[in-house]
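Accompanying notes for the structure given below.
Just so you know, all these numbers are worked out from the coordinates, no wet-lab data involved. What you see is a predicted model; the values in this text were computed from it and never measured. As a convention, Cβ positions derive from the backbone with ideal geometry for all residues, glycine included, and neighbour counts pool all protein chains shown.
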Amino acid sequence: MFCGSSTGTSPAFTDAAAAVARELVGAGLEIVYGGNARGLMGALADAAMEAGGSVTGVLPTALFEVEMPHRGLTHLVEVGSMHERKQRMYDLADGFVGLPGGLGTLEEVAEIATWSQLGVHDKPIVLLDLDGFWSPLLGWLDRAVDAGFIRAANRSIIASVARPVEVVPALRAYRHRRRRAVLTEAET
């Protein structure tokens, strides 16, 4: 799970984070996220644990003073850096869901999508486009395809849904061809 360490300006964001957590737990899925007790991260973890789910948080030591580590998780993994955090989350996850968030969330979604494009993994990536939150990014992806910067086949790397109840079906329906990282002259 990638999501904000703040709650944002709308209670709908917090409600959606909790709803997604309940949907995932109800489907028998475990949650791996950034380990924060605040913001959408905290709402997600709290709702998942209240629903009886397993939640693993991954947090760099340096962020223990900036972000409040969630001490009630099933597992809290302490790592040395943000790079290690992303690698550990990737290693533990079978798929990725992006909820509303800021630059960190955007960066995590972009990196995991890039890894898929390069053939590093073939795990599902689904954005919860709550109230059009991700619509500008989704539009940019479409524009990048039209402009020849993203192959049309790679546009399907990132799926999107509008409601929390659609997240699990989207994860299960995800299909993407695993391929090697082969750059053509036009892409270099």
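The table below gives the values:
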{"read-out": "Neighbours by Cβ (under 9 Å, 6+ apart or cross-chain): first from the stretch 126-137, under 15 Å from Phe96 (Cα atoms); second part of a helix (DSSP H, G or I) and hydroxyl-bearing (Ser, Thr, Tyr)", "value": "Asp129/Ser135"}
{"read-out": "Some residue of the stretch 75-87 being within 21 Å of Ile112 (Cβ to Cβ), touching a residue at least 40 places away in the same chain (Cβ under 8 Å) and not in a loop (DSSP other than H, G, I, E, B)", "value": "yes"}
{"read-out": "Criterion violated by Phe13 - all others in (1) in contact with a Leu (Cβ under 8 Å, 6 or more places away or on another chain); (2) more than 17 Å from Pro164 (Cα to Cα) satisfied", "value": "(2)"}
{"read-out": "Counted residues, the stretch 154-179 - those being assigned to a helix (DSSP H, G or I) and closer than 15 Å to Thr114 by Cβ", "value": "2"}
{"read-out": "Selection status of Glu108, assigned to a helix (DSSP H, G or I), under 18 Å from the mean Cα position of the chain (by Cα) and crowded, with 19+ Cβ neighbours inside 10 Å", "value": "yes"}
{"read-out": "Gly101 being part of a loop (DSSP other than H, G, I, E, B), farther than 15 Å from Pro164 by Cβ and within 15 Å of the chain's Cα centre (by Cα)", "value": "yes"}
{"read-out": "The stretch 113-124, subset part of a helix (DSSP H, G or I) and touching a residue at least 40 places away in the same chain (Cβ under 8 Å), residue nearest to Thr7 (Cα to Cα)", "value": "Ala113"}
{"read-out": "Hits in the stretch 1-56 (condition: in contact (Cβ under 8 Å) with a residue 40 or more places away in the chain, of a type outside the set (Ser, Thr, Tyr), surrounded by fewer than 18 Cβ atoms within 10 Å (Cβ to Cβ) and under 20 Å from Gly132 (Cα atoms))", "value": "Ala12"}
